[in-house]
Amino acid sequence: MPPEPPVGKPLPSTNGKCFKVISMDLPLVYHPDYVAPLPPGHRFPMPKFRLLYEQLLADGVADPSQFHIPERPPTDWIELIHIPEYVRDYCEGTLDAKAQRRIGLPWSPELVNRTCVAVGGTILTAKLALECGLACNTAGGTHHAFPDYGSGFCIFNDMAIAIRVLQQQGLIQKVLIVDLDVHQGDGTAWIFRDDPTVFTFSMHCEVNFPGTKQHSDLDVPLPAGMEDDAYLQTLANYLPDLLTQVQPDLVVYDAGVDPHRGDRLGKLALTDSGLFRREMQVLTTCISQGYPVACVIGGGYADDMTALVYRHSLLHRAASEVYRRSG
């Protein structure tokens, strides 16, 4: 078994408008509790979070010293986004059966803890990104969660909560969410629909879940079957201008790998190479202009767990390369 990561390092205060690389090693975030038990044969690939951590170590992409362990956040942080009744009912296991089915994950105390710890992981990732310029979680991206209900394997919206916590703490003001998961970030779009401090950008497959789309600040629906070059050119048409327009204190990047051609729920046709080029494109574009980036891994679904974990690791491989160059 790989060694457990060390406890997260304390962070000095920052105004979120500038950063400096304080180490040649990219900050990464992982907790053993990112994995909770599910019934045999469940279609959500829960083991991928532990396997991703192990692969990053086994392949020499990361060293144990780079990993920070998040803490479970206080309930009032979660309630910055989610209504107290929903938080209470989910955490206590009293959510009604219809609401549970909409989430798609069977309730357990372990899953409650996993859900909350993953939120803590994205909060920690965002703080590390402000300090160091770039940081990656090994979970996160639960963008289908709305204030009063969960959906599509998403229970609490980790990205929205992290943004509100950092705003409340005075670390950031303006945020750009770059959501490249194959599914529209509907929960995140709805949460920030009337908030000029958070710009939501979602580039997703048009004919895919969710059936009812929300209105992001910028939605770019893509036709089914789109391949690498067309996808990357489309992204290049928008991202640089968005950074200039928004001038965010922080970019939150949802790097879902479900646009891959081998994904069970995707309908786009990116290759491994295309995903890696995408990660390099996003991170280089942001970091070269001085915008810190907090990364979460988003969705990815495949019968071949080894292939799926490798796809997720492309984010951390690209981020490690970009981080070293920026130093």
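The values are calculated or read from the model by the stated rules, or taken from the named source; none is laboratory data. In this text the structure is predicted, and so the values were computed from the model without any measurement. Cβ sites come from the backbone with ideal geometry, for glycine too, and all protein chains shown count toward neighbours.
Quick check: anything in segment 303-314 assigned to a loop (DSSP other than H, G, I, E, B) and buried (at least 24 other Cβ atoms within 10 Å of the Cβ)? Scanning segment 303-314 turns up no residue that is assigned to a loop (DSSP other than H, G, I, E, B) and buried (at least 24 other Cβ atoms within 10 Å of the Cβ). Within segment 225-246, can one find any residue that is among the polar types (S, T, N, Q) and under 22 Å from Ala145 (Cα atoms)? No. Count of segment 199-234 residues, restricted to those that are surrounded by 15 or more Cβ atoms within 10 Å (Cβ to Cβ) and part of a loop (DSSP other than H, G, I, E, B), is 8.
So which residues in segment 307-327 are under 27 Å from Lys267 (Cβ atoms) and either of a type in the set (Asp, Glu) or in contact (Cβ under 8 Å) with a residue 60 or more places away in the chain (or both), if there are any at all?
Result: Leu308, Val309, Tyr310, His312, Ser313, Leu315, His316, Arg317, Ala319.
Only a single item in (1) part of a loop (DSSP other than H, G, I, E, B); (2) hydroxyl-bearing (Ser, Thr, Tyr); (3) within 22 Å of the chain's Cα centre (by Cα) is not met by Tyr90, and it is number (1). Consider only pairs whose beta carbons are under 6 Å apart and that are at least six residues apart or on different chains; among these, list those whose first residue lies in segment 265-278 and is on the phi < 0 side of the Ramachandran plot and of a type in the set (S, T, N, Q) and whose second residue is at pLDDT 95 or above and surrounded by fewer than 23 Cβ atoms within 10 Å (Cβ to Cβ). That search, which allows pairs on different chains as well, returns Thr271/Asp228. Entry remark, segment 46-83: residues being of a type outside the set (D, E, K, R) and not in a loop (DSSP other than H, G, I, E, B) number 17 in total. Checking Pro210, Pro147 one by one, the residue that is within 17 Å of Gly256 (Cβ to Cβ) and touching a residue at least 24 places away in the same chain (Cβ under 8 Å) is Pro210 and no other.
Can you list residue pairs whose Cβ atoms sit under 6 Å apart, with the first residue in segment 51-62 being small (Gly, Ala, Ser) and the second being crowded, with 24+ Cβ neighbours inside 10 Å? Count only pairs 6 or more apart in sequence or on different chains. Going by the 6 Å Cβ cut-off, the qualifying pairs are Ala62/Leu28; Ala62/Leu56.
Of the residues making up segment 92-119, those that are closer than 21 Å to Arg72 by Cα, surrounded by fewer than 16 Cβ atoms within 10 Å (Cβ to Cβ) and of a type in the set (Lys, Arg) number 0.
Scan segment 286-302 residue by residue and report those that are in a helix (DSSP H, G or I) and crowded, with 20+ Cβ neighbours inside 10 Å. Scanning segment 286-302 gives Cys286, Ile287.
For residues in segment 140-152 being assigned to a loop (DSSP other than H, G, I, E, B) and in contact with a Lys or Arg (Cβ under 9 Å, 6 or more places away or on another chain), which is modelled with the lowest pLDDT?
Here the residue is Gly152.
Scanning segment 2-23 turns up no residue that is at pLDDT 95 or above and in a strand (DSSP E or B). Within segment 185-193, not a single residue is farther than 21 Å from Pro73 by Cβ, under 16 Å from the mean Cα position of the chain (by Cα) and among the aromatic types (Phe, Trp, Tyr).
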